[in-house]
Amino acid sequence: MIEAKNLNLYYGAFHALKDINLKVAEKSVTALIGPSGCGKSTFLRTFNRMNDLIPGVKIEGDIIVDDENIYQKGIDVDRLRKRVGMVFQKPNPFAKSIFENVAYGMRVNGISNEKVIKEAVEQSLKQSALWDEVKDSLKKSAYALSGGQQQRLCIARALAVEPTILLMDEPASALDPISTAKIEELIHELKKKYTILIVTHNMQQAARVSDFTAFFYMGSLIEYDLTKTIFTNPAKQQTQNYVTGRFG
Amino acid sequence: MNHSIIKKITQAIAFNIFRIMSVILVAILFSILAFIVYRGASYITWDFITKMPEEGMTKGGIFPAIVGTLSLVAGSMIVAFPLGVCSGIYINEYAPENGFKRFIKLMTNNLAGVPSIVFGLFGMSLFVNTLKFGDSIIAGSLTLGLLALPVIIRVTEEALKSIDKTYREASYALGATKLQTIVKVVLPMSMPNILTGLILSIGRVSGETAPILFTVAAYFLPKLPTSIFDQVMALPYHLYVLSTSGTNMEESRGMAYGTALVLIIIVLILNLIANIIRHFLMKKIKHK
Ligand SMILES: Nc1ncnc2c1ncn2[C@@H]1O[C@H](COP(=O)(O)OP(=O)(O)O)[C@@H](O)[C@H]1O
Ligand SMILES: [Mg+2]
C-alpha cells in the first residue's frame, strides 16, 4: 500500500507541494494530471526519494510504502528504490548493450549469478513486450533501438529489480503515436502485477490508461477519484474546467 | 528599408572579416607546416629515425630522442590521467559547494597558466633533488604529468557536468550507490570528452622543453634507457640543442628541421590514435 499523509515539500523557500493526502490503490493505475509546474513530478519523485538528490529540498509529512514511512530515519534508500521502479520522460538507456541495461539493476544490487541474471533479463524484456524485437541483438548498443523501443527497454530495466511500484513521469511524451499506443497497452498489462503511478499531460491518455486520477493545481491536490468520475462528473469546478480544456 | 540594407551590409562585412581571419590563420599554420616539411623532409630516412646520433650530432639519427619523447609522453600520461580524472571526479561529484571547492577550482585554473619553466624548476627541486630520483625518466614524467594535470582535471569536470542528470537518476532509481553510478554510468559516457583532454595534453607534453630541461633531458646520450631512472634524450630538447648549441650548428641545421618534422609527425600520430579510440567510444555511447 502506498500513501501520502500531510505531505509538504519545499524547494528552498518555494512551497511546491501543499498538504497532500492521497492513498494509492494497489495493482491499479493512478494518473497524476494538472497544468505544467503544478507539482506532479515533484510528488511522483517523493515515492522513491528522488528529491533527496536536490539540494535545499525540505519534506514534511509521511510517505508510506508497504506500511513503512520511507522518510523516517534508518531507511535504506537504495533498498527502497529497488522496490519502487521509475521510468522517465525521455528514454534514457545507459551507454551499454541492451542486455547490460536490463542487467544493471541486478548487478549494482550484488546479484552476480549469470544464470539468474540471464533469466531475469529475458523475463523483464518479455514483460515489457520487447523480447521478440531484441532477442537476437541483446549484445547491441541500446542506442541502436528506436525511441519507443528504448522506452520499453527502460521499463524492462526497472522491472528487472522486481519492484512492486512503478513510477512513470510522462513516459510517452517524447514518443510517436504508435510507440505511445504500445506503452499504453503495456501499462494496461503491467497493472496486473504492479501498482502504477503515471504523470501525464495528455487528458486522453489519462482517461485511457488509468483507474484513478488525481488533479493537482499549484501544489495542491484538488480532486482525487475514479478516473471515470473525474472525467465525467467531477466534484470541483476547477477539475471540470481542466479536463474539458477550458483552463485559464 | 534603408535600415535593412545597412543591416545586410554590416552582416556581410562581419562575415567576411571572420572568414578572412580564419583563412589567414589556416594559411599561417599551413605555411609553418609546409616550411618544416620543405626543409626537413629530405632528412627523414630510415637511418635518421632508427640510428644513434653521430659525430657531434651532425650525422646519424635521432632514435634515442624519439624513444625518450615517447617514454616521457607515456610516463606523464600514466601519472596525469588517473590523477586528473580522479580529481575531476572529486571536484565535480563529491566536493561540497563551498569556498574550499571554489578555491580548488581557482588553483587548478591558475596552475594551467603557470609557465612551464616553473614546472621544470619545481620538478627539479622536488623529484630530482629532494626525492633523489636524479635526472631520470621518472622525474621528467612526474614533472610533465603535473603540467598536464590542470587540463585533464578541467576537461574531466566539464565532461562529467555535461552528462544529463536523468542518467544519474535512472541509476539511483535502480538502487545504485553514488560510486556505482559514477563508475558504471557517468564515467563511460564522459570518456570521449575526457579523451579530448588527453589528446590536448599529449600534444602539449610532447613538445615541451622547459619542464624536461632540468629533470631528464640529456644533451647527448647515444644509447637507449634501461630503466625509469635513466636519463634520455628528447625531441624538443634535441631540437633546441641542434639549433642553439650544437657542436657545428651550420651542419646540424638540416637535422634540426628533420627533428622538428619527426616531432610533429609523432604528435599527429598520437592524436590520430587517441581520436580513433575516442571515435570508437563515441559510436558505442552515441545518444540522441
Ligand atoms: N529542483 C527544483 N528547484 C526549485 N524549484 C523546482 C525544482 N524542481 C521543480 N521546481 C518547481 O516546483 C514546481 C513543480 O515542479 P514539477 O513538479 O516539475 O511540476 P510538473 O511536473 O507538474 O510540471 C514548479 O514551480 C517548479 O518550478
Ligand atoms: Mg513534470
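Each value in this text was obtained by applying a stated rule to the coordinates, not by laboratory testing. Bear in mind the structure is a predicted one, so any value in this text is a computation, not a measurement. All Cβ positions, even for glycine, are placed from backbone atoms using ideal geometry, and neighbour counts span all protein chains on display.
Some observations on this one:
- Near pairs, Cβ below 9 angstrom, 6+ apart or cross-chain, from region A:56-74 (free of Cβ contacts under 8 Å to residues at least 40 places away in the same chain) to any residue that is among the polar types (S, T, N, Q) and within 16 Å of ligand 1 (Cβ to nearest atom): A:Ile70/A:Thr46; A:Ile70/A:Asn48; A:Tyr71/A:Thr46
- Residues of region A:20-38 that turn out to be buried (at least 22 other Cβ atoms within 10 Å of the Cβ) and within 14 Å of ligand 1 (Cβ to nearest atom), as a count: 6
- Selection status of B:Ile194, surrounded by fewer than 21 Cβ atoms within 10 Å (Cβ to Cβ), part of a helix (DSSP H, G or I) and out of contact with any Phe, Trp or Tyr (no Cβ under 8 Å at 6 or more places or on another chain): no
- Taken over region A:66-84, the criterion of being more than 14 Å from chain B (Cβ to nearest Cβ) and either over 21 Å from A:Leu17 (Cα atoms) or in a strand (DSSP E or B) (or both) is satisfied by A:Asp66, A:Asp67, A:Glu68, A:Asn69, A:Lys73, A:Gly74.
- In region A:12-60, the residues that are in a loop (DSSP other than H, G, I, E, B), within 16 Å of ligand 2 (Cβ to nearest atom) and either closer than 23 Å to A:Lys82 by Cβ or within 14 Å of another protein chain (Cβ to nearest Cβ) (or both): A:Arg45, A:Thr46, A:Phe47, A:Asn48, A:Ile54
- A residue that is of a type in the set (Gly, Ala, Ser) and touching a strand residue (DSSP E or B) at 6+ places or on another chain (Cβ under 7 Å) can be found somewhere in region B:165-174.
- Residue count for region A:97-133, restricted to those that are touching a residue at least 40 places away in the same chain (Cβ under 8 Å), farther than 24 Å from A:Lys192 by Cα and facing chain B (nearest Cβ under 8 Å): 2
- Scanning region A:7-66 for residues that are among the hydroxyl-bearing types (Ser, Thr, Tyr), closer than 14 Å to A:Tyr224 by Cβ and touching a Leu at 6+ places or on another chain (Cβ under 9 Å) yields a single hit, A:Thr30.
- Given (1) surrounded by 15 or more Cβ atoms within 10 Å (Cβ to Cβ); (2) more than 16 Å from ligand 1 (Cβ to nearest atom), index of the condition A:Leu17 fails: (2)
- Verdict on B:Ile62 being free of Cβ contacts under 8 Å to residues at least 12 places away in the same chain and under 17 Å from B:Tyr257 (Cβ atoms): no
- Qualifying residue in region A:40-50 (condition: more than 16 Å from ligand 1 (Cβ to nearest atom) and of a type in the set (Phe, Trp, Tyr)): no
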